[in-house]
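The block underneath contains the structure these notes are about, expressed in structure tokens.
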């Protein structure tokens, strides 16, 4: 009887250890600024820093040696799948937007992710 309980507990421990069940460390993790398409569409060359900040919020990064470059970065990791990655770089000249650059990486996922 004792061996039977030991066997059941061993199988449960093995299944939990192999990741059959959803583990907290495998949940979706989101970091950075959400970059919404409707927000990006509102941005225009010639806008002030205050106007950009009103629309997008505070930038995630302002380059130390290039304070005229603001970066908005958003990453989303779903379990063990590759990261979704969105980045918007706003470059200023004379305190006004001079250039906008957006890049997005959304890897294909299988239905098992």
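Since every read-out is calculated from the coordinates, none of them should be taken as a lab result. Quantities reported herein were computed from a predicted structural model and do not represent experimental measurements.
Of note:
- Relative contact order computed over the stretch 26-105 (Cα-Cα under 8 Å; 6+ residues apart), in percent: 33
- Once the chain from residue 9 to residue 96 is taken as fully extended at 0.36 nm per residue, the excess over their C-alpha distance is 24.8 nm.
- With coordinates expressed along the principal axes, the C-alpha atoms belonging to the stretch 26-105 extend over 45, 29, 18 Å, beginning with the largest.
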